[in-house]
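Below is one structure; the comments refer to it alone.
Every number here is computed from the coordinates shown, using simple stated rules; none is lab data. This structure is a prediction, so every number in the text was calculated from the model and none was measured. Counting neighbours? That spans all protein chains shown, and the Cβs are built from the backbone with ideal geometry, glycine included.
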Amino acid sequence: MKNDAIANYQYVTLSQEGYITTLTMQRPERANALSHAHLAELEHAALSLREDPDTRVVILTGAGKHFSSGADLQDAPATAEMPLVQRRRRARMGERAIEAILGVDQITIAAWRGAAMGGGACVATACDFRVGSHSAFMEYPEVDLGINLMWKSLPLIVSLVGPARAKRLVAGAERADAQTLYDWGVLDHLTDEENLMAKTMEVAALYASKPPIAAQMIKQSTSQLAYALGNAIMHMDVDQNLFAATSEDRGAAITAKANKETGKFTGN
């Protein structure tokens, strides 16, 4: 693997076995919650794979019991004093990480156990394929916090499950268990917990055996076809988020969530 910066990462690790590289999110004590620094490393690691001709398949997974619990809410910096232009740029860190994963030339496979919530679900759906254990579940909690889904990831889940089910997941904040995810096509393979990495390696070996130039061109063309409309319009989801975060309902949603109550929203 031609990547001299691997040892400098704090929150991700890269390891290689033959033509297969595994990228592991390494914050198990926080259920792999995605802080700003963690996302920056995820982006850098994904981009570094462009310089690696020996890797044909990339497996993304999380250390510990969960794939990723999503954006780290304890990581919120004091941004109130930042100019809006700076806050807007900072808010795009997650988008940059997802775009880097989507832009990986090689076939990508998520090995998914436990939670993939919010931003964690965005990472999983940015991969080409998903192998899940029976503990896997997905949830998008953003709406119950009074904000929209960001990171240019709405088209990813719509492409996988269709508009009605995507609305159930994103607007309804429904939690989908592993069997539902498999039935809906989010998971391509469903396996026992102890066999998760073995099954993922089996799938990875299949794609690693294909001619890499042809496989990577097919991947890129398919993704362009699937996400063309999303790429055209989802540049605005950060602005929607900044707008929603200023609403009275946002504050009411956070209070309700903290107190485990049903919120009362006014549309203001």
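What to note about this one:
- Tilt relative to the chain, helix 93-102 - C-alpha long axis, 0 to 90 degrees, to 10: 30
- Here 247, 48 are placed in order of increasing Cβ neighbour count within 10 Å, fewest first, which gives 247, 48.
- Selected from 64, 251, 119 as most flexible by GNM, with the chain as the system and alpha-carbon contacts under 10 Å: 251
- Under the simplified labelling scheme, the residue 54-residue 228 pair shows an inter-label distance of 3.8 nm, with each label point 7 Å from Cα along Cα→Cβ.
- Highest-MSF residue in the chain out of 124, 252, 176 [GNM, Cα springs under 10 Å]: 252
- Counting DSSP beta bridges with both ends in the chain, the antiparallel % (nearest 5): 25
- Per-residue Cβ neighbour rank within 10 angstrom, fewest leading, 82, 25, 234: 82, 234, 25
- Converting phi to 3J(HN,Hα) with the Karplus coefficients 6.51, -1.76 and 1.60 and the offset θ = phi - 60°, segment 108-125 yields 10, 9, 8, 9, 10, 10, x, 6, 10, 10, x, x, x, 5, 4, 5, 4, 6 Hz in sequence order, with x at every glycine or proline.
- Distances between placed amide hydrogens fall under 5 Å for residue 245 paired with no residue 5 or more residues away or on another chain.
- Summarising the amide proton neighbourhood of residue 60: residues at separation of 5 or more, or on other chains, whose placed amide H is nearer than 5 Å comprise 23, 109, 110, 111.
- Compared with the dominant principal axis of the Cα atoms in the chain, helix 36-48 is inclined by about 30°.
- Only Lys, Arg (+1) and Asp, Glu (-1) charged, at Cβ; segment 102-178 dipole about Cα centre in debye: 120
- Candidate lysines - alpha carbon under 22 Å from residue 199, same-chain residues fewer than 8 apart omitted: 65, 210, 219
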